[in-house]
Every structure is written in C-alpha cells, then in structure tokens.
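The values are calculated or read from the model by the stated rules, or taken from the named source; none is laboratory data. Every value quoted in this text rests on a predicted model; they were computed, and no experiment measured them. Cβ sites come from the backbone with ideal geometry, for glycine too, and all protein chains shown count toward neighbours. To get the accessible areas, we keep the full protein, side chains included, count just its heavy atoms, and leave off ligands, DNA and RNA. Shrake-Rupley method; radii C 1.70, N 1.55, O 1.52, S 1.80 Å.
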Amino acid sequence: QVQLAESGGGLVQPGGSLRLSCAASGSIFSIYSMGWYRQAPEKQRELVAAISKIGNTNYADSVKGRFTISRDNAKNTVHLQMDSLKPEDTAVYYCNADRVVTTTLHTLDVWGQGTLVTVSS
C-alpha cells in the first residue's frame, strides 16, 4: 500500500504565503509524477501544478508566477510554495502521486485526503 500525507494548509490573508507539503510512504519503487489539485466549493477538481521525476513542471495558468512546485525524489516528497495568494485560491488542495510503481510492480494512482487553504481577510 502507498499513502500520501499532506500538511501546511490553513488561513492566510490575501497577498500572503503558504507552503504545502506531501510525503508518500509505503512500498514504493518509483513515482512518475507528483502534483497538487484543488477543489473549490461547487467546482470541479482542477490541476494546480505537477512535477515529473526528472523535474518537468506544469502549472495552471491561474497560478503561474505565484506558485512553485518542487520535489525530493529521495524522500518521495512534493512541496507547493504559494505566494501572493488570492481569495480565489481558497479550496481543498489534494496531493496526487501518478503512476506509482510499487515494490510488487503494481501501478497505482494515489490521492491524499486533502488540506484546506482559506485566503481571507
């Protein structure tokens, strides 16, 4: 089994910063891509940012220039540095590990439980 543990959500004022972290644990051989999605009330879940094992990144247009994703392959962790936060960034943020290959050579798509980010004055 593979689990994702997220941390770092909370309440922040507009213009502030937060850093989300996600650690994967379990019987992991490799992880192709790790990323963050978010879901605001009454909206669909959307990609925020993702990073491949070799460091290729992909960002939603709405967060480019404000958010930075990083990854530590040795520790199976991914971080999302969120700066210049806006009220419209308010959502539950979910960590995702895509194409996780386990030590038993199964391939999984794994999600975290989500962490709430609220941007409000």
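Values for this structure:
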read-out	value
Within region 71-113, considering residues that are in a strand (DSSP E or B), among the charged types (D, E, K, R) and free of Cβ contacts under 8 Å to residues at least 60 places away in the same chain, the one nearest to Met34 (Cα to Cα)	Arg71
Every residue from region 43-55 that is surrounded by 14 or more Cβ atoms within 10 Å (Cβ to Cβ) and among the basic types (Lys, Arg)	Arg45
Residues of region 31-42 classified as under 17 Å from the mean Cα position of the chain (by Cα) and surrounded by fewer than 17 Cβ atoms within 10 Å (Cβ to Cβ), total	3
Filter result (of a type in the set (Gly, Ala, Ser) and within 23 Å of Gln3 (Cβ to Cβ)) within region 54-93	Ser70, Ala74, Ala91
For Val12: the one exception among (1) more than 15 Å from the chain's Cα centre (by Cα); (2) open to solvent by less than 50 Å² (accessible area, probe 1.4 Å); (3) within 18 Å of Gln113 (Cα to Cα)	(3)
Residue satisfying all of: in region 78-101; buried (at least 18 other Cβ atoms within 10 Å of the Cβ) and farther than 18 Å from Arg45 by Cβ; modelled with the lowest pLDDT among these	Val100
